[in-house]
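The values are calculated or read from the model by the stated rules, or taken from the named source; none is laboratory data. The structure presented is a predicted model; accordingly, all values stated were derived computationally and were not measured. Here the Cβ positions follow ideal geometry from the backbone for every residue, glycine too, while neighbour counts run over all protein chains shown. When the accessible area is computed, the model is the full protein with side chains, heavy atoms only, and any ligands, DNA or RNA have been set aside. Shrake-Rupley method; radii C 1.70, N 1.55, O 1.52, S 1.80 Å.
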Amino acid sequence: MKAMGPAARWTLLASAVAGVSYVATWGLDLPPMVETIWKGAGVGLLAIHAMIRARSLDGWLLVTVMALGAAGDVLLETHGLTVGAIAFLLGHIVAVALYLRHRRRASLRPLFLIPTVTAAAWMLPHDRAAAPEIAVYSVFLSAMAAAALNSDFSLKTVGRGALMFVLSDLLIFARLGPLPDTLATGLAVWGLYYFGQMLICLGVGQRLEPRTA
């Protein structure tokens, strides 16, 4: 496998610093724009990391997935849940396309994620008017995870990262319903999401490198 170059290593390190330190902003009285940029920096730097390593269409699909994730992080803060969710939904569509290009012999078991996650997401919010939109989004979220699990990317990185993303979003929906919005739930939501994205980025990048080196 081709060794990761200095630029890729430094952007990965910078992403980790931004992603982990973002939680410190919750206790600081920062201008909203600063906090928003800090939030977007974690996955935004993963997009730059993926861009540095991209050598093929698949590499650029990964860049797009990470970029749309970073856009979603920012738009959630600046334009609200619905607009931010659209960016994430588009990212899931691109991720499904990427994973289908690397599909292995399909298993039906991951496909059960789609009705299971969608039904759970629909039931969680107290505001029943929001439930249909959440359910539609969750179809694409769970399809992304199912496609990841049915791909030839590593289950320990890409598969696990996709499932962490699903769990993070389910916790968000649960905070709209029975789950209290506490520091612990906030840490769980952010930690599962950010490190899930990192695992996806690293797993796909490592899998693509032998083909392009």
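Using only protein heavy atoms and a 1.4 Å probe, report how much of TRP60 is accessible, in Å² to the nearest 10.
Here the accessible area works out near 120 Å².
Once you sort the root eigenvalues of the Cα gyration tensor of segment 69-192 as a ≥ b ≥ c, which label holds: rounded (a/c under 1.5), prolate (a/b larger than b/c) or oblate (the other case)?
Here segment 69-192 falls in the prolate category.
Note the full-extension length gain between LEU100 and LEU57 as 0.36 nm times their separation in residues minus their Cα-Cα distance, in nm to one decimal.
So the chain would gain 14.2 nm between LEU100 and LEU57.
Give me the accessible area per residue for the chain, probe 1.4 Å, as a whole number in Å². Write out the running numbers ahead of the final one.
Values: 10400 Å² over 213 residues.
Dividing the accessible area of the chain by its residue count gives 49 Å².
Sticking with the crude label model, points 7 Å out along Cα→Cβ, report the distance from ALA119 to THR185 in nm, one decimal please.
Roughly 2.3 nm, to one decimal.
Hey, how many Å between the Cα centroid of segment 145-165 and the Cα centroid of segment 77-92?
22
In nm, what is the difference between 0.36 nm times the number of residues separating VAL34 and VAL139 and their Cα-Cα distance?
34.5 nm
Scan the chain and note any complete DSSP helix (H) whose C-alpha atoms cover at least 30 Å along its axis and whose Kyte-Doolittle average is -0.5 or more.
32-53, 57-78, 183-212
Would you compute, from DSSP H runs of 4+ residues alone, the mean residue ellipticity of the chain at 222 nm, taking -39500 (n - 2.57) per run and dividing by the full residue count, rounded to the nearest 500?
Calculated at 222 nm, the ellipticity per residue is -25000 deg cm²/dmol.
Could you point to the residue in GLY40, THR25, VAL63 farthest towards the positive end of segment 5-137's charge dipole, with +1 and -1 charges on the Cβ of Lys/Arg and Asp/Glu respectively?
The residue sitting most towards the positive pole is VAL63.
Rounded to the nearest 20 Debye, what is the dipole magnitude of the chain about its Cα centre when Lys and Arg each give +1 and Asp and Glu each give -1 at the C-beta? Before the final figure, lay out each step's value.
Working: 16 positive and 11 negative charges, 228 e Å.
Roughly 1100 debye for the chain.
Using a 1.4 Å probe and ignoring any ligands, DNA or RNA, find the accessible area of ILE93 and quote it in Å² to the nearest 10.
Here the residue's solvent-accessible area equals roughly 80 Å².
Considering amide H positions built from the backbone, and no H for Pro or chain starts, which residues 5 or more places from SER151, or on another chain, come under 5 Å of its amide H?
Here ARG104 satisfy the definition.
Read through the labelled values (1) 23, 21, 18; (2) 27, 23, 13; (3) 39, 19, 15 and report the label of the one computed as semi-axes √(5λ) of the Cα gyration tensor in Å from the structure.
(2)
For the chain, give the percent of accessible area contributed by carbon and sulfur heavy atoms, probe 1.4 Å, rounded to a whole number.
Percent of accessible area from carbon and sulfur atoms in the chain: 72.
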